[in-house]
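The next block holds one structure in the form of structure tokens; read it before the comments.
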Amino acid sequence: MTIRRLPETVINRIAAGEVVERPASVIKELVENSIDAGAKRIDVTIRDGGRTFMSITDDGHGMTADELSLAIERHATSKLPSDELLEIKSLGFRGEALPSIGAIARLSLTSRADGAEDAWTITVEGGDVGAVSPAALAQGTRIEVRDLFFATPARLKFLKTEKTEQSHTVDTLKRLAMAYPGIGFVLNDGDREVLKLPACGGPDARLDRLAAVMGRDFRDNSLAIDAAREDMRLTGFAGLPTLNRGNAMMQFLFVNGRPVRDKLLYGALKGAYREFLAYDRYPLVALFLDILPDAVDVNVHPAKTEVRFRDAGLVRGLIVGALKHALAEAGHRASTTVSQTALGAARPQGYGGGYGGGGSYSGRGGMSSGLRERADAFHRPLPGLDTQPSAPAQAGMDEYIGDYPLGVARAQVHETYVVAQTADGIIIVDQHAAHERLVQERIKTALDSGGVQRQGMLIPEVVELDQAAAEQLVARAGELAELGLVIEAFGEGAVVVREIPALLGETDIKGLIQDLADDLAEVDEGLALTQRLGDVCATMACHGSVRAGRRLNGAEMNALLREMEATPHSGQCSHGRPTYVELKLADIEKLFGRR
Ligand code: ADP
Ligand code: MG
């Protein structure tokens, strides 16, 4: 057996294996270097998804000739002046990126140090270092990387299509750009600008940048977060629950200006939104945690996207607390996306122009045939319109319209929606969703004030389940009783329901028990049911609600509106769907070309 010291190039290729997974990892390292160098503008170009060519040009402080040749040496860095790993304030610190990239690709660095007369350049190709020679560059640094992985062909095979690799680069740049709104970023794919984010300034710089990356909806439907605990501070923006997605792609987390993907942080988000969103929906958030450098370890993995906290519980507590507080304060603000969508759908047919633009309003002169058909239909009584008990909803209420945010009920339509008039618009309430939210809040309030009132069943109902599910339910019988639901085992694989929460009213008991069993299957055995109270309440509420399809009279409708106003979070049901939408008169007038 012979033990030998590996040559520098091999060592660098091994390191590259961890740092450089794909073109986007090169871009990440190089753009981080530009940010650390104080750049105000960073231009990135990639060809073939980055495989054949990548360049990064910045206007940062640059490097002298001596610094250039040091920069490409292994473990050479300007960012750890004191040898103290606990004081990392820059994005880089390992001094590994440049030598690693140089070991597996053709790398060239050209730079002009601040105030220097000339620029210099150096190349490293598959580990072979060239001489430093004079070059032309007005300022800053320009780095080019060609033929990624040419020196380690096995790696090439793992690259995905050009499109996929490019989208990884776009994602990487977006994340960094969100953390540094004051820097302008441009990504070019050789043919065109794929991403252009001009530098943002002023008090709203961060939100401006977030909106540029995450979409305008986020600007209009997010809550500012600013909370501190001990030496930590959490800032950023959290989306309203009504603005949600089917995956976590729009959840961005930063620790000390560093984009991270961290299980603990994602878990905290889930916890904070649990009561407002269905299990498989994800809110949009961009949160920035600033924490003393010695309370977090970023040196977990060479790619530096994972972190370890000294006190993970404290971090989680800060995030969950801050978000819940903000969401509670937001009260029953429904998202504007919802009413925008509604307005979009309500646009008259043939209306070609944008809002208020006049456009080609085909209904103006002669009626289009489609419109005429609809006009005819309008004169016939609409079958679903419930005119009987609810119009006018409640005489004598009109004078109060201005007093109520959700207005006065005018009608119930399709036995599902309550239409109310407010001082300056119309509210449409989904009665089932709204009622579900109200029942959930009532159960929680009752729990807080000593217990949920129960109502005995005249004839106890037996519900068949599979054996495991029945056992799980029975094991929780004590906890369920506190929530107002009394059940007992009934032979093998069945339970008998003796009492239900009084406030549920008429209840679909089989459905309720089945769904509760499903909920419990997801709850860890060690976890108290009260920790999943939101879910359980939502399930109960769902089966006891004023379901779509029940007729409400005027008094009932107004009572529903008043209770919604008084109830926190009533703007969305527990599955994150809105409970009501509001159409402002001004917008409606635009629809009809009156404005
Ligand atoms: P690290 O960023 O961990 O220090 P790198 O290998 O990425 O390691 O870079 C090595 C050094 O090269 C940096 O510490 C920095 O001094 C210098 N450097 C790299 N890129 C730039 C740049 N764009 N502008 C100025 N200096 C740079
Ligand atoms: Mg670096």
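The values are calculated or read from the model by the stated rules, or taken from the named source; none is laboratory data. Note that the structure is a prediction, hence the values are computed from the model and not measured. Cβ atoms come from the backbone with ideal geometry, glycine included; neighbour counts cover every protein chain shown.
Residue-by-condition table, conditions (1) polar (S, T, N, Q); (2) touching a helix residue (DSSP H, G or I) at 6+ places or on another chain (Cβ under 8 Å); (3) within 19 Å of Gly92 (Cα to Cα):
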position	(1), (2), (3)
Ile3	no, no, no
Gly17	no, yes, yes
Pro23	no, yes, yes
Leu30	no, yes, yes
Asn33	yes, yes, yes
Gly38	no, no, yes
Considering only the stretch 495-512, state which residues are exposed (fewer than 15 other Cβ atoms within 10 Å of the Cβ) and either small (Gly, Ala, Ser) or touching a residue at least 60 places away in the same chain (Cβ under 8 Å) (or both). Ala502, Gly505, Gly511
Given the structure, is Ala119 more than 10 Å from ligand 1 (Cβ to nearest atom) and either modelled with pLDDT under 95 or among the basic types (Lys, Arg) (or both)? no
The stretch 32-55: number of residues that are away from ligand 2 (no atom under 15 Å from the Cβ) and at positive phi: 3
The condition from (1) crowded, with 22+ Cβ neighbours inside 10 Å; (2) more than 7 Å from ligand 1 (Cβ to nearest atom); (3) closer than 15 Å to Leu137 by Cα that Met63 misses is numbered (2)
In the stretch 128-138, is there at least one residue being touching a residue at least 12 places away in the same chain (Cβ under 8 Å) and within 16 Å of ligand 2 (Cβ to nearest atom)? no
Quick check: is even one residue across the stretch 91-114 more than 10 Å from ligand 1 (Cβ to nearest atom) and under 25 Å from Asn256 (Cβ atoms)? no
When you go through Ala24, Ala16 one by one, which is the residue that is assigned to a helix (DSSP H, G or I), at pLDDT 90 or above and on the phi < 0 side of the Ramachandran plot? Ala24
Do you know which residues across the stretch 158-171 are out of contact with any Phe, Trp or Tyr (no Cβ under 8 Å at 6 or more places or on another chain) and either at pLDDT below 95 or more than 23 Å from Ser90 (Cβ to Cβ) (or both)? Phe158, Lys160, Thr161, Glu162, Lys163, Thr164, Glu165, Gln166, Ser167, His168, Val170, Asp171
Residue that is farthest from ligand 1 (Cβ to nearest atom), among those in the stretch 66-90 that are in a loop (DSSP other than H, G, I, E, B) and among the aliphatic types (A, V, I, L, M): Ile88
Which members of the stretch 451-497 meet the condition of being among the β-branched types (Val, Ile, Thr) and part of a helix (DSSP H, G or I)? Val474
Tell me which of these Ser167 doesn't satisfy, since it passes every other one: (1) in contact with a strand residue (DSSP E or B) (Cβ under 9 Å, 6 or more places away or on another chain); (2) among the polar types (S, T, N, Q); (3) without any contact (Cβ under 8 Å) to a residue 60 or more places away in the chain. (1)
Against the condition assigned by TED's automatic domain parsing to the domain that holds Asn12 and either over 38 Å from the mean Cα position of the chain (by Cα) or of a type in the set (D, E, K, R) (or both), how does Leu70 come out, does it pass? yes
Condition first: touching a residue at least 24 places away in the same chain (Cβ under 8 Å) and closer than 21 Å to Leu173 by Cβ. Can you find one or more residues in the stretch 68-90 that meet it? yes
Given the criterion in the same structural domain as Gly182 (by TED's automatic domain parsing), in contact with a strand residue (DSSP E or B) (Cβ under 9 Å, 6 or more places away or on another chain) and buried (at least 17 other Cβ atoms within 10 Å of the Cβ), identify the matching residue among Leu85, Leu30. Leu30
Filter the stretch 73-100 down to the residues that are among the aliphatic types (A, V, I, L, M) and either more than 10 Å from ligand 2 (Cβ to nearest atom) or at pLDDT below 80 (or both) and list them by number. Ala76, Leu80, Leu85, Leu86, Ile88
Looking only at the stretch 1-13, how many residues end up being assigned to a helix (DSSP H, G or I) and among the charged types (D, E, K, R)? 2
Hits in the stretch 34-48 (condition: of a type outside the set (A, V, I, L, M, F, W, C) and either part of a strand (DSSP E or B) or surrounded by 24 or more Cβ atoms within 10 Å (Cβ to Cβ) (or both)): Ser34, Arg41, Asp43, Thr45, Arg47
When only residues in the stretch 14-36 that are within 15 Å of ligand 1 (Cβ to nearest atom) and more than 29 Å from the chain's Cα centre (by Cα) count, which is nearest to Leu148 (Cα to Cα)? Ala16
